[in-house]
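The values are calculated or read from the model by the stated rules, or taken from the named source; none is laboratory data. Remember, predicted model here, so these are calculated numbers, not experimental data. No Cβ is skipped: glycine too gets one built from the backbone with ideal geometry, and neighbour counts run over all protein chains shown. Quick note on the areas: whole protein, heavy atoms, side chains included, nothing else; ligands and nucleic acids left out. Shrake-Rupley method; radii C 1.70, N 1.55, O 1.52, S 1.80 Å.
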Amino acid sequence: MYEEIVSGLTSFIGRSPTPFHVVANIGEILKGNGYERLEEGEKWKVSPGGKYYVTRNDSSIIALNIGTNLEDYCFKIAASHSDSPAFKIKENAELQVKEKYMKLNTEGYGGMLCASWFDRPLSVAGRVIVKEQGIYTARLLNIDRDLLMIPSVAIHMNRGVNDGYAYNKQVDMLPLLGGGECKEGDFKKLIAGELNVKEESIYGMDLYLYNRMKPSVWGANKEYISCPQLDDLQCAYTSLQGFLKGAGLHGVNVFACFDNEEVGSGTKQGAASTFLYDTLYRANLCLGKGEEGFFRAASKGFMLSCDNAHAVHPNHPDKTDVGNCVYMNEGIVVKSHAGQKYTTDAVSIAMFRGICEAAGVPLQFFSNRSDMAGGSTLGNIAMTQVSMNSIDIGLAQLAMHSAYETSGVKDSFYMIQAVAQFFTDRIEILPIRSLI
């Protein structure tokens, strides 16, 4: 059971080195399950019982499973993100060193653990815009071989590195592409060859480094899995599988996967954009519900904001709260924060607790230490556009934002079961009424 899910997860991650690949692969999975693609720039036809999906920027995606009984319906949403910390390749990328090396000029995307990127095989993937016969076309690129490496400085030349070292992304983190035989223009020539196009037809590129290390299942009882991009592709994949298993008839089930969470979500395709609002509003109008129907459906809606959480570190248990701390393989994590970094409140905890009880899934609760600042996620950001009850959940992991992260083999199963239950159940909570 767990092995099959882990195999599916690692296969998905292996095919998804960038958000563009994530969305393309999710789209293929949705199409294979009978979902019809909609285009934002075209007229929509959405009907009860229909299944649809739409993308924005090729890096964010929303899918809709429309129920057949929409008399008094609501939106139920599971949202995650498609991006992970990485290094983006700059436009003029080639840098020669003494005519003996060719390296690539990059900049950091998101808050990565720099040390985890050294001395391991890397390659390049992303989106390339090709102009052919006057038409601009987006092409996916994945150079599927060990191509690059970021070499460490030997300890003999940096004696204090183990006492703490501040990595300079412009100096320390640039990857080596080749030796003195590499000439200016070879990198673009390599990309053109991979895509089988002329170099002069390449007009734009969004390219990133990615870690080539294969996934590993390990531990005394094979209880852990390590691979790149578990944050947040583990939640993206498992919430998608739960969405596909869900069978709600009394509303609109929604799967959303947004880009740019790692840099604040404030983009045209991020959780702060109008993408979610636009999609739900247009679908609602197609269903003949009108503006009033949309606001009613949103007010009764519920969103699962799915993004991984910090497990207790075996060497640093002091980094987590004394009581509200979580462990791998012990269930879904509910994340709370008094300063509203997370959407969780008493209402959403109660509703999600009932869902997990029905699904037979264990729950854990996470809060940051009160004297340490934690991260944030897309839940509250998305809810500034479409407000409804929401909860922040995730799966416990170690080494978040490393190039090679670790989680528990059981927890993906738990997430799939809980999300499927969420999309199947009819959820309703009555507001507090004044006693006066």
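Shown here are the Rg and Dmax of the Cα trace of the chain, at 22.7, 83 Å.
When only alpha carbons are used to place a centre, region 229-288 and region 38-86 end up 6 Å from one another. Cysteines in the chain lacking any other cysteine Cβ under 4.7 Å from their own Cβ: Cys74, Cys114, Cys182, Cys227, Cys257, Cys286, Cys325, Cys356.
Placing +1 on each Lys and Arg Cβ and -1 on each Asp and Glu Cβ, with no other charges, gives region 136-234 a dipole about its Cα centre of roughly 160 debye. Take Glu200: with every protein chain present and a 1.4 Å probe, its accessible area is about 130 Å². In region 157-235, carbon and sulfur make up what percent of the accessible area (probe 1.4 Å)? Carbon and sulfur: 49 percent of the exposed surface of region 157-235. Could you tell me which of rounded, prolate or oblate describes region 92-224, using a ≥ b ≥ c as the square roots of the eigenvalues of the alpha-carbon gyration tensor, with rounded for a/c under 1.5 and, failing that, prolate when a/b is larger than b/c and oblate otherwise? The shape class here is oblate.
Which of the pairs Lys131/Lys341; Lys289/Lys410; Lys45/Lys335; Lys189/Lys214; Lys31/Lys335 have their Cα atoms more than 31 Å apart in this structure? Distance filter (> 31 Å) returns Lys131/Lys341; Lys289/Lys410; Lys45/Lys335; Lys31/Lys335. Rounded if a/c is under 1.5, else prolate if a/b beats b/c, else oblate: with a ≥ b ≥ c from the C-alpha gyration tensor eigenvalues square-rooted, which is region 1-58? Oblate is the answer for region 1-58, as a/c is 1.5 or above yet b/c matches or exceeds a/b. From the residues Ala350, Ala311, Gln340, which one has its Cα farthest along the dipole of region 285-436 in the positive direction, the dipole being from +1 and -1 charges on Cβ of Lys/Arg and Asp/Glu about the Cα centre? Checking the options against the dipole of region 285-436, the answer is Ala350. The sum of -39500 (n - 2.57) across all DSSP H runs of n ≥ 4, divided by the residue count of the chain, sets its helix-only mean residue ellipticity at 222 nm to -7500 deg cm²/dmol.
Could you give the size of the charge dipole of the chain about its Cα centre, using +1 on the Cβ of each K and R and -1 on the Cβ of each D and E, expressed in debye and rounded to the nearest 20?
Here the chain has a charge dipole of around 320 debye.
Compare Ile66, Ile349, Ile129 in a GNM of the chain, Cα atoms joined below 10 Å, and give the one with the largest fluctuation. With Cα springs under 10 Å in the chain, the top fluctuation among Ile66, Ile349, Ile129 is at Ile129. The listed residues Ser273, Ser376 rank as Ser376, Ser273 when sorted by accessible area, largest first, using a 1.4 Å probe. As a rough guide to protection, the peptides 160-166, 281-287 ranked by mean Cβ packing within 10 Å, highest first, stand as 281-287, 160-166.
Near Lys100, which lysines are there with a Cα under 16 Å away, not counting those fewer than 8 places off in the same chain? List returned: Lys183.
Between the residues Asn162, Ile427, Leu244, the greatest Cα displacement towards the positive end of the dipole of the chain, with unit charges on the Cβ of Lys, Arg, Asp and Glu, is found for Leu244. Counting only aspartates and glutamates at least 8 places from Lys268 when in the same chain, those with an alpha carbon closer than 12 Å to its own are Asp58, Asp259, Asp278.
Any chance you could look up the accessible area of Lys341 with a 1.4 Å probe, heavy atoms only, rounded to 10 Å²? For Lys341, solvent-accessible area is about 80 Å². Computed 3J(HN,Hα) for region 68-74, one whole-Hz value per residue from the Karplus formula 6.51 cos²θ - 1.76 cosθ + 1.60 where θ = phi - 60°, is 9, 10, 10, 4, 9, 8, 9, glycine and proline marked x.
Between the beta carbons of Val97 and Met372, assuming R0 = 56 Å, the FRET efficiency works out to 0.90 to the nearest 0.05. Based on protein heavy atoms only, region 17-94 ends up with 38 Å² per residue of surface accessible to a 1.4 Å probe. Using the 1.4 Å probe convention, the accessible area of region 304-368 works out to 44 Å² per residue with neighbouring protein chains retained.
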